[in-house]
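See structure below.
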Amino acid sequence: MYKSEKQTIFYVLALYLSSTLLLITTLFTGYYFYKQEELIHTEKEILKQYSLTLEETLLSVHENSDEKYEYPRFKNFKSAIYDIDKNLIFSTLDTKIENLDKDFFVKDSNAYYVSSLKPYYLGAAYSVVEKKKKPINILNDLIISAMIVITITIITSFFLVKLVLKPLRDNLRLLDNFIKETTHELNTPITTILANIETLDAKSCDEKSMRKLQRIKTASTTISNLYQDLVYLLLNHQISSQNEELNLSEILNQRVHYFSQMANVKKLNLNVDIKEDVYFNADRQKIERLIDNILSNAIKYTNKFTTIKVVLTQHTLSISDEGKGMSQDEISTIFQRYRRFDKTQGGFGIGYSIIKSIIDEYGIKIDIESEIQKGTKVTLSW
Amino acid sequence: MVKITLFIVLLSSFLNASSFEENCLSCHGNDFKFNMMMKKYTQKYSSEKRIKEAIFNYLKEPTVEKSVLPYEYINRFGPKEKTTLDDKTLREMIDIYYDKFNIQSKIY
């Protein structure tokens with residue numbers, strides 16, 4: 001799975017999940033409040049019934065007693081009665097009720113219902129009935145339901161994203177296969193051309209033929225370089241690194257020499273300042289790919305008759321050109337595979353993708369400074 | 001001190017009882033259903049303040065409308081005569097009546 005693909009899956013999942021979560025939270029909050037309202041309604045209805053029972057009993061006590069009046073007491077609820085001026089007449093409640101204006105209220109986990117009475121049996125103009133409030137036990141169920149819904153959402157969204165990305169994956173695979181096959185077919189002719197050019201005797205050629213030969217050599221080097229990149233890219237994950245203590249100064253000199261012919265074609269001045277005996281522990285092939293890519297990019301994108309500066313110090317390598325440069329936006333997307341800013345130049349746009357994978361492997365820091373129409377400076381530090 | 005207080009309380013209740021007998025029981029007699037009348041007033045006026053006010057108003061100016069007795073009864077026998085007591089005495093008698101017969105103090 002490509003990194004960009006992973007990123008897309010992550011973003012889509014995040015978006016899908018956050019919107020689903022928002023929806024679930026809204027629905028469940030609404031449901032919670034609905035249940036709460038329903039519970040209050042039920043409690044109110046029960047208390048109303050209790051209130052009627054109390055009223056009937058008050059009537060009975062008022063009518064049937066003469067000397068003493070036994071206040072009615074019930075198992076299910078407690079009660080109190082107040083006169084028309086809201087003075088307490090009698091109460092079995094544990095708390096004092098301050099306000100008789102609301103018909104229903106909840107206080108200290110008890111639910112209360114206030115009702116007006118008439119006629120005033122035992123002088124009662126208001127009755128207050130109290131019962132234990134039933135707790136709402138739906139929160140746990142809601143959390144479990146939410147977790148189930150979220151799990152299902154994650155699974156479905158993952159498959160959904162994979163389904164949506166399938167055409168893109170197929171296209172990328174097609175492109176990779178194409179490059180793989182092309183690379184394979186290029187190997188033999190390139191090797192043949194380069195080997196034969198090297199064996200040609202320069203003295204036996206006239207100046208005109210020599211120039212033509214040099215151009216063929218440059219072109220072959222470019223193709224060879226491209227071939228190396230493609231092979232690296234395709235086999236990158238299949239070969240393990242053969243790390244060794246490399247003389248970076250020596251390798252850099254060799255690579256500069258290798259590209260000097262290419263630089264000559266553009267009449268470039270190669271300003272080389274390489275510190276002797278700089279060592280670095282890495283895979284030779286990978287370090288060559290790293291240097292080749294930065295160097296070939298500098299040569300490829302710089303203007304004719306300019307200077308390319310190669311500086312190696314103990315802990316840095318910088319290669320700068322005087323080419324067309326890049327914008328900040330371009331720099332930020334430079335490491336994406338197949339990203340090419342200048343379609344007039346050859347290549348597949350895989351150079352910086354290779355650079356990135358190598359510097360990441362060896363913990364090398366890269367710094368790209370670029371200014372439009374002034375040039376680019378790439379600095380590696382370790 | 002305790003003896004003096006006890007003496008004052010007993011004396012005052014004796015005086016109250018005797019004035020209630022003099023001003024109320026002299027006409028109504030011991031057979032009068034004071035309890036029943038209090039139940040009627042309580043059922044209609046609820047609070048102490050309103051009950052006392054209603055009794056006062058009725059005794060000062062008795063009418064069929066102000067009476068708490070059943071319509072058939074009051075229609076047949078008519079309302080009682082106006083009280084001859086002055087306002088102060090009347091209110092004192094109502095207070096005694098309320099203290100003796102109010103329902104609230106009898107609820108247990």
Residue within region A:226-241 that is polar (S, T, N, Q), in a helix (DSSP H, G or I) and either modelled with pLDDT under 80 or under 30 Å from A:GLN314 (Cβ atoms) (or both) present: yes
Could you list, in sequence order, all residues of region A:38-73 that are touching a residue at least 60 places away in the same chain (Cβ under 8 Å), of a type outside the set (Val, Ile, Thr) and away from every other protein chain (no Cβ under 14 Å)? A:LEU39, A:GLU43, A:LYS44, A:LEU47, A:LYS48, A:TYR50, A:SER51
Filter region A:110-145 for residues that are open to solvent by less than 70 Å² (accessible area, probe 1.4 Å), assigned to a loop (DSSP other than H, G, I, E, B) and either of a type in the set (Val, Ile, Thr) or more than 14 Å from chain B (Cβ to nearest Cβ) (or both) and give the result. A:ILE136, A:ILE138
Does region B:22-54 hold any residues that are within 14 Å of chain A (Cβ to nearest Cβ) and among the aliphatic types (A, V, I, L, M), and which are they? B:MET36, B:MET37, B:MET38, B:ILE51, B:ALA54
Looking only at region B:67-108, filter to residues that are in contact (Cβ under 8 Å) with a residue 40 or more places away in the chain and more than 14 Å from chain A (Cβ to nearest Cβ); which one of those is farthest from A:TYR69 (Cα to Cα)? B:LEU85
Go through region B:52-66 and count every residue that is open to solvent by less than 20 Å² (accessible area, probe 1.4 Å) and either charged (D, E, K, R) or touching a residue at least 40 places away in the same chain (Cβ under 8 Å) (or both). 1
Inside region A:92-109, can you point out the residues that are among the hydroxyl-bearing types (Ser, Thr, Tyr) and either at positive phi or crowded, with 16+ Cβ neighbours inside 10 Å (or both)? A:SER109
Can you tell me which condition A:ASN293 does not meet? The list is (1) loosely packed, with under 15 Cβ neighbours inside 10 Å; (2) in a helix (DSSP H, G or I), and all the others hold. (1)
Return the pair list, or none, for Cβ contacts closer than 9 Å from residues in region A:17-36 that are more than 15 Å from A:ILE152 (Cβ to Cβ) to residues that are among the charged types (D, E, K, R), at least 6 apart or on different chains. none
Report, by residue number, each residue of region A:299-317 that is open to solvent by less than 20 Å² (accessible area, probe 1.4 Å) and under 33 Å from the mean Cα position of the chain (by Cα). A:LEU317
So A:LEU200 ticks every box in (1) at pLDDT 80 or above; (2) surrounded by 10 or more Cβ atoms within 10 Å (Cβ to Cβ); (3) hydrophobic (A, V, I, L, M, F, W, C) but one. Which box is left unticked? (1)
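This table checks each residue for (1) outside the structural domain of A:HIS41 (by TED's automatic domain parsing); (2) of a type in the set (D, E, K, R); (3) at pLDDT 90 or above; (4) in contact with a strand residue (DSSP E or B) (Cβ under 7 Å, 6 or more places away or on another chain).
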| position | (1), (2), (3), (4) |
| --- | --- |
| A:HIS62 | no, no, yes, no |
| A:TYR69 | no, no, yes, yes |
| A:PHE77 | no, no, yes, yes |
| A:GLU98 | no, yes, no, no |
| A:VAL114 | no, no, yes, yes |
| A:ASP141 | yes, yes, no, no |
Considering residues that are within 15 Å of the chain's Cα centre (by Cα) and buried (at least 16 other Cβ atoms within 10 Å of the Cβ), the number found within region B:70-84 is 1
For region A:74-91: of the residues being farther than 12 Å from A:GLY123 by Cβ and either away from chain B (no Cβ under 11 Å) or in contact with an Asp or Glu (Cβ under 6 Å, 6 or more places away or on another chain) (or both), which is surrounded by the most Cβ atoms within 10 Å (Cβ to Cβ)? A:SER79
Result of the Cβ filter at 7 Å on region A:175-197, keeping first residues that are open to solvent by 80 Å² or more (accessible area, probe 1.4 Å) and partners that are part of a helix (DSSP H, G or I) and not polar (S, T, N, Q), at least 6 apart or interchain, is A:LYS180/A:LEU234
Please determine whether any residue of region A:178-186 is over 25 Å from A:TYR258 (Cα atoms) and either in contact with a strand residue (DSSP E or B) (Cβ under 7 Å, 6 or more places away or on another chain) or outside any helix (DSSP H, G or I) (or both). no
Scan region B:55-64 and give yes if some residue there is under 21 Å from A:ASP66 (Cα atoms) and part of a loop (DSSP other than H, G, I, E, B), otherwise no. no
Which residues, counting only those in region A:269-290, are open to solvent by less than 30 Å² (accessible area, probe 1.4 Å) and either part of a loop (DSSP other than H, G, I, E, B) or over 17 Å from A:ASP360 (Cβ atoms) (or both)? A:ILE274, A:VAL278
Of all residues in region A:6-53, count the ones that are within 30 Å of A:ALA124 (Cα to Cα), at pLDDT 90 or above and of a type outside the set (D, E, K, R). 9
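The values are calculated or read from the model by the stated rules, or taken from the named source; none is laboratory data. Keep in mind the model is a prediction, meaning the values are calculated, not measured. Every residue, glycine as well, gets a Cβ built from its backbone with ideal geometry; the counts of neighbours run over all protein chains shown. Heavy atoms of the whole protein, side chains included, go into the accessibility calculation; ligands, DNA and RNA do not. Shrake-Rupley method; radii C 1.70, N 1.55, O 1.52, S 1.80 Å.
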